[in-house]
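The values are calculated or read from the model by the stated rules, or taken from the named source; none is laboratory data. Small disclaimer: the values here were computed from a predicted structure and weren't measured. Glycine also receives a Cβ, built like all others from the backbone with ideal geometry; neighbour counts cover every protein chain displayed.
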Amino acid sequence: MKYAPLKGVHDLINQDADDIYRIISLTSLCANTYGYTPIIVPTIESTSLYQREQKDSSDMVTKEMYTFLDKGNRSISLRPEFTAGVLRAVISNKMHTQKELPIKLYYQGSCFRYERPQAGRYREFSQLGVEAIDEPSIYLDLEVLLLGCAMLYRLDLDFPFKVKVNYLPSKEGRKKYVEALKKYFKPHLENMCLDCKNRYKTNPLRILDCKVEEDKKLIKKAPKISDFYTEEEREKVELIKDVLKEEEIKFEIDETLVRGLDYYSGLVFEYVVDNKVGDEVGSIGGGGHYDSLVEELGGPSNLEGVGFSFGMERLLRCYQELPNYMPRTGHILFSFIPLNEEGIDVAFSLVNVVRSFGHMPCSMPYKVKSLKAGLRKASNEKASYAVIIGEDEIKKEIVTVKDLHTGTQEEVSVDHFLDYVVSLIQERTMKMFDDGEKKKPKNKKN
Ligand code: AMP
């Protein structure tokens, strides 16, 4: 092969591409319902947006960024995540002074991380997510967490997910907790992995994130984060649990969940899928509250934020594994089969009439085919109807419409073809409405 995709990147084709668009449109609708509007931000930003003065110790920032000098000798990085870019856009466009708070945005697009490719881990992958910016409120944090759940319900009412939740204490408590962790890990450090040794120096909290078996045993016995909460934080954690129970969200408090990036504080969470594929791909999404990032990026100190992002490829894999997953069919509704040159002429004008009317996807070949080949094509396209135009039809100024599900066929006058299409739309809309009424949610909500 002359050109193959680069290591760690992939093409999404056929059903996968179709499903990605389906996921984007369903989750966008959901975000709209919650009052979120779309934002589109650049893929390239100045490297300093991610490598800030208050250095982030995450692997993503320290090791995985795609960074290069442009022709003007400026250091540029490909977007490794959305939060910093979205906040930069809010601040540079002064959205926080011009719009009512909270500012609620959703986004979708590629991210780039130079990671070791493996199942569910790519170097270019796609995220969709939201950011909400306002003065801090645990209710806004919960709204964002619940919006992620609503998106999963919207994709399918039986999506078997759960949310891992933790609460990272404020600066004072965090400082004390970090000191306690350092004291606890110090005598063991020599036998811990290299990453942990580095994290001990840069951000000991992130040791809790270590996936090395031996280190995990130590982490189990480490001081508990909840012992460092203030009374107010304890109450917030209780509120979080109450709301999640009330909303019937399956959740688990995971005191070792610290998330990859250093800017999180307060509520943090991850969405995981409770089945074989979920175990294989890891978390499908995650996010949390950040208290000082808005200010760090040049915004006002009273504004904080909360957001999450889903990894589209992982979401896609889990979505396609759902027991009731149905590939979208009936893309092409009418497959035209002209059996001679004159038939192509008639078909072309009917196809254009139908297309300009909208709603009804149709296809036609520009070369004459036999009836057999035309029907095979219609079947491959999963068309609902074949529209046959042969010598007889041309003489009578009609087309023969064959229902490919029932096998029945009828003659429709060329002049009234559009009326026929309109009546079909009405019939199908009624049927969809009836089916929707019958489909009762087994799980819950939205
Ligand atoms: P993060 O921005 O690291 O919090 O990741 C949010 C979500 O993006 C994760 O839960 C994954 O679903 C997805 N994700 C992160 N890194 C990758 C990657 N290298 N390849 C595919 N998906 C990823």
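Among the residues making up segment 288-314, those that are within 11 Å of the ligand (Cβ to nearest atom), on the phi < 0 side of the Ramachandran plot and small (Gly, Ala, Ser) are Gly307, Ser309, Gly311.
Hey, does segment 243-253 have a residue that's within 19 Å of Lys211 (Cα to Cα), within 16 Å of the ligand (Cβ to nearest atom), in contact (Cβ under 8 Å) with a residue 24 or more places away in the chain and aliphatic (A, V, I, L, M)? No, segment 243-253 contains no residue that is within 19 Å of Lys211 (Cα to Cα), within 16 Å of the ligand (Cβ to nearest atom), in contact (Cβ under 8 Å) with a residue 24 or more places away in the chain and aliphatic (A, V, I, L, M). Pairs meeting the criteria (first residue in segment 67-89 and without any contact (Cβ under 8 Å) to a residue 40 or more places away in the chain, second residue away from the ligand (no atom under 14 Å from the Cβ) and aromatic (Phe, Trp, Tyr), beta carbons under 7 Å, at least 6 apart or on different chains) are Ile76/Phe68. Scanning segment 85-120 for residues that are within 11 Å of the ligand (Cβ to nearest atom) and either closer than 20 Å to Glu296 by Cα or at pLDDT below 95 (or both) yields Glu115, Arg116, Pro117, Gln118, Ala119, Gly120. Among all positions in segment 159-175, there is at least one residue which is farther than 26 Å from Val243 by Cα, among the basic types (Lys, Arg) and surrounded by fewer than 19 Cβ atoms within 10 Å (Cβ to Cβ). Number of residues in segment 121-135 that are at pLDDT below 95 and closer than 16 Å to Tyr290 by Cβ equals 0. For Lys164, the requirement of being within 16 Å of the ligand (Cβ to nearest atom) and touching a Phe, Trp or Tyr at 6+ places or on another chain (Cβ under 7 Å) is met.
Confirm whether Ser413 is modelled with pLDDT of 95 or more and surrounded by 10 or more Cβ atoms within 10 Å (Cβ to Cβ). In short, yes.
Looking at Arg234, Arg317, Arg328, just one residue is away from the ligand (no atom under 16 Å from the Cβ), under 30 Å from Ser379 (Cα atoms) and among the basic types (Lys, Arg), and that residue is Arg328.
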